[in-house]
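Notes for the one structure printed next.
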Amino acid sequence: MEFLSFMKQAANVKPSKKQLNILRETPFYAFVHFSPNTFTDLEWGLGNEDPAIFNPTKLDCEQWAKAIKDAGMKGMVLTAKHHDGFCLWQSKYTEHCMKNSPYKNGKGDIVAEAAEACKKYGLKFGFYLSPWDRNSKYYGTDEYNTYYKNQLTELLTNYGEIFHVWFDGACGEGPNGKKQIYDFDGFFELIHTLQPNATIFQDGGETRWVGNEAGIPAYAQWAVVPCEISPFCEVQTDPGPLATGDSLDYMFNWDTNVGEMSNIVYSKGLVFSPAETDMSIRPGWFYHKNEEPHSLERLFNTYLNTVGGNTTFNLNVPPTPEGLFDERDVKRLHELGEKIRAELGNNIAEDAVIEEIRKENTNLCDFVIKLPEKRKIKYLELAEKIAEGQRVESFIIYSKNSYGINERVCQHNTIGSRKIVRFDEPVETDEITVKIVSARDTVLIEWIKMY
Ligand code: FUL
């Protein structure tokens, strides 16, 4: 395969409709980790917890939904079952569930309460169903895959529209000391059939792990990656010009060069698989009363780097044993929403004239953004027409100074679905130039905004 035609193919790898939807409509959503761990102060339950300990006396999913909405998030992903195997709904297939919790005398269904609260507050709803199950007697046998699919079916059919299904990578031993070989193909097929609009999160799935839990995307963040990284996605190109069979099978999402040109040329073929950044508002995924939420600055920076860095952002907020979000977290979420609205709520380039200067025989171009008068700019937001693919490798931003000379402000890699660049110092100017200095095909920009 020729290098240049491969580069063009890479530039034209496209998202599915649901991938496009999550990137564009729902880039910021909440994880909610709630299980017997909340009552035992653990992060990984053992699987032998007494269901009677799960007793949230003040449970209020509407309080969660309000706080999530207040932060500007658009959805909620609830841990319907974590590694301890306890189900937050009335599962027909196990006793290790709400049937044996004192909550509502064993009649409670927290998945239903959370889904209804989301509906009421205009949030999308999704769930996490841990494949690793430290309670199920079936774990480690073929029957477990059936058990798991039965539970998936309950969750996919009884709670309305599901926007996102989250698969955990952890695969430990079950109660009988055995490990499980998961039937992921079967799990995914069920989701595709029962909830065709739901995106699937999985290490190698249609949304993939960003590679860490600290909220840090790669410095060049690609949604177009080797199929070796995301084997569950449709291959949309020929093999790269330097492909040698299984050459990239050693790669993983935490490698920093995933998706770069120097990497993809060795691939068997490319797929569209945007990253999701998952991080907790506190150090733990579950509630521990001595932990504090991260600072507003850390959370806002993470928002800029993730939603503004071509990934989705799944921010976890753990309920307390009473079943409420801690007031400290509610306050922090409110502050975060206010900060996002204050900093990024008012596009000051709405009335700008944008001139596109295309250069012959190259993919490169300049975007000159002319404002009617000098304005103070702190952030520049760029979005590629991601429905057509991801193309920009690198760009430089210039600001025109009072002598009419373009001064270089900064250089960045990749744009993708959304790139938010924060200037070290706000610039005051009536003209900004974005110079695309490296691109895989004709650059298509969907919007340019300034704040
Ligand atoms: C990990 C799990 O082991 C953690 O408990 C948590 O659920 C996190 C989101 O994924 O793999």
### Members of segment 241-296 that are of a type in the set (A, V, I, L, M) and closer than 26 Å to residue 213 by Cβ
248, 251, 258, 264, 271, 275, 279, 281, 296
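Yes/no matrix, rows are residues, columns are (1) touching a strand residue (DSSP E or B) at 6+ places or on another chain (Cβ under 8 Å); (2) under 14 Å from residue 34 (Cα atoms); (3) in the same structural domain as residue 32 (by TED's automatic domain parsing); (4) not aliphatic (A, V, I, L, M):
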position: 288; (1), (2), (3), (4): no, yes, yes, yes
position: 295; (1), (2), (3), (4): no, no, yes, yes
position: 300; (1), (2), (3), (4): no, no, yes, yes
position: 307; (1), (2), (3), (4): yes, no, yes, no
position: 323; (1), (2), (3), (4): no, yes, yes, yes
position: 327; (1), (2), (3), (4): no, no, yes, yes
### Query
Just a yes or no: is a residue in segment 23-44 of a type in the set (Asp, Glu), at positive phi and in contact (Cβ under 8 Å) with a residue 24 or more places away in the chain?
yes
### Query
Here are 392, 421: which of them is closer than 21 Å to residue 441 by Cβ and open to solvent by less than 50 Å² (accessible area, probe 1.4 Å)?
392
## Note on the structure
With criteria (1) within 16 Å of the ligand (Cβ to nearest atom); (2) open to solvent by less than 40 Å² (accessible area, probe 1.4 Å); (3) among the β-branched types (Val, Ile, Thr); (4) in a loop (DSSP other than H, G, I, E, B), residue 229 comes up short on (1)
### Summary
For residue 268, the lone unmet condition from (1) closer than 25 Å to residue 63 by Cβ; (2) more than 16 Å from the ligand (Cβ to nearest atom) is (1)
### Message
Being under 25 Å from residue 23 (Cβ atoms) and within 16 Å of the ligand (Cβ to nearest atom) is the filter here; which residues of segment 271-283 pass it?
### Response
275, 276, 277, 278, 279, 280, 281
### Query
(1) in contact with an Asp or Glu (Cβ under 7 Å, 6 or more places away or on another chain); (2) at negative phi: which one isn't true of residue 429, the others all being true?
(1)
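Here is a yes/no grid of residues against (1) within 16 Å of the ligand (Cβ to nearest atom); (2) open to solvent by 20 Å² or more (accessible area, probe 1.4 Å); (3) out of contact with any Asp or Glu (no Cβ under 7 Å at 6 or more places or on another chain):
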site: 303; (1), (2), (3): no, yes, yes
site: 313; (1), (2), (3): yes, no, yes
site: 317; (1), (2), (3): yes, no, no
site: 322; (1), (2), (3): no, yes, yes
site: 333; (1), (2), (3): no, no, no
site: 339; (1), (2), (3): no, yes, yes
site: 347; (1), (2), (3): no, yes, yes
site: 354; (1), (2), (3): no, yes, yes
### Summary
Selection from segment 125-153 of residues open to solvent by 20 Å² or more (accessible area, probe 1.4 Å), in a helix (DSSP H, G or I) and of a type outside the set (S, T, N, Q) yields 142, 143, 149
### Message
Suppose we filter segment 396-451 for residues that are under 24 Å from residue 374 (Cα atoms), hydrophobic (A, V, I, L, M, F, W, C) and either without any contact (Cβ under 8 Å) to a residue 12 or more places away in the chain or outside any strand (DSSP E or B) (or both); how many remain?
### Response
1
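Specify which of the listed residues (174, 122, 169) is in contact (Cβ under 8 Å) with a residue 24 or more places away in the chain, among the small types (Gly, Ala, Ser) and either away from the ligand (no atom under 16 Å from the Cβ) or assigned to a helix (DSSP H, G or I) (or both).
122
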### Query
Name the pairs: first residue in segment 187-210 and in the same structural domain as residue 271 (by TED's automatic domain parsing), second residue β-branched (Val, Ile, Thr) and in a loop (DSSP other than H, G, I, E, B), Cβ to Cβ under 7 Å, at least 6 apart or on different chains?
195/162; 198/162; 204/229; 208/229
### Query
within 16 Å of the ligand (Cβ to nearest atom) and either under 30 Å from residue 392 (Cα atoms) or not in a helix (DSSP H, G or I) (or both): does that describe residue 47?
yes
### Query
Is segment 284-297 home to any residue that is buried (at least 24 other Cβ atoms within 10 Å of the Cβ), within 16 Å of the ligand (Cβ to nearest atom) and assigned to a helix (DSSP H, G or I)?
no
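The values are calculated or read from the model by the stated rules, or taken from the named source; none is laboratory data. Because the structure is a prediction, the values reported are computed rather than measured. Cβ sites come from the backbone with ideal geometry, for glycine too, and all protein chains shown count toward neighbours. For accessibility, only protein heavy atoms count, side chains too; no ligands or nucleic acids. Shrake-Rupley method; radii C 1.70, N 1.55, O 1.52, S 1.80 Å.
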